[in-house]
Amino acid sequence: EAIDYIGSDGTWPGIYYKATVHKTIENISEYRTELLGVYNATCAVTESHFIATLKAVNFQSMYDDRFLTIENGIILRADIAELFNKGFITFFYDASDILRVRLSQRMKEHFDPDYIKLDNKPLLLPEDKKLWPNKEYVKWHNTIRFENWLNSGEFSLIDFSSKYK
């Protein structure tokens, strides 16, 4: 099989690059399949079962295969996954050790009521607590990713929502 990828410096990165990319894609695919099994192909937030819309997402960003653990992932419907990945929603363990949804303040003020009703909702998690999201990974998402767009100045939900009402 011919490899047409040329590096930014004009060189071909070689077979190691191809093997690494292939292995990573294969591992991510296996990881998604494993997570779908653990979560019974169900979104942990909306309880949607339509597999074509379900995504495996991570609490802590994946830099290598060490982060491909069940405790660092969750199955979410695509729209919820996008909101989670962009920091509009996060999850937190309450005092009773129940994992719940937390919406950002701006999301509460400017989004569809269907999302608003998700705030503080308990997640549907596997029966085996050993498979639940690791508290350190959840904390990482809360600290690093949640509402990060508020600090980055990339865009304003107020500007966006006023244009499209």
- [ ] For segment 29-40, state whether one or more residues are under 13 Å from the mean Cα position of the chain (by Cα) and in a loop (DSSP other than H, G, I, E, B).
- [x] no
- [ ] Take segment 87-115 and flag every residue that is among the charged types (D, E, K, R), at negative phi and more than 19 Å from the chain's Cα centre (by Cα).
- [x] 94, 106, 108, 109, 112, 114
- [ ] Only residues that are touching a strand residue (DSSP E or B) at 6+ places or on another chain (Cβ under 9 Å), assigned to a loop (DSSP other than H, G, I, E, B) and modelled with pLDDT of 95 or more: list them for segment 131-148, please.
- [x] 132, 133
Task: Sole exception among (1) farther than 19 Å from residue 144 by Cβ; (2) open to solvent by 60 Å² or more (accessible area, probe 1.4 Å) for residue 53, by number - done: (2)
- [ ] Quick one: count up the residues across segment 62-87 that are open to solvent by 10 Å² or more (accessible area, probe 1.4 Å) and closer than 25 Å to residue 108 by Cα.
- [x] 7
Open item on the list: Can you go through 152, 161, 156, 96 and tell me which one is at pLDDT below 95 and either open to solvent by 50 Å² or more (accessible area, probe 1.4 Å) or not polar (S, T, N, Q) (or both)?
Closed with: 152
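The values are calculated or read from the model by the stated rules, or taken from the named source; none is laboratory data. From a predicted model like this one, the values you see are computed outputs, not experimental measurements. Reconstructed Cβ throughout: ideal geometry from the backbone, glycine too, with neighbour counts over all protein chains shown. For accessibility, only protein heavy atoms count, side chains too; no ligands or nucleic acids. Shrake-Rupley method; radii C 1.70, N 1.55, O 1.52, S 1.80 Å.
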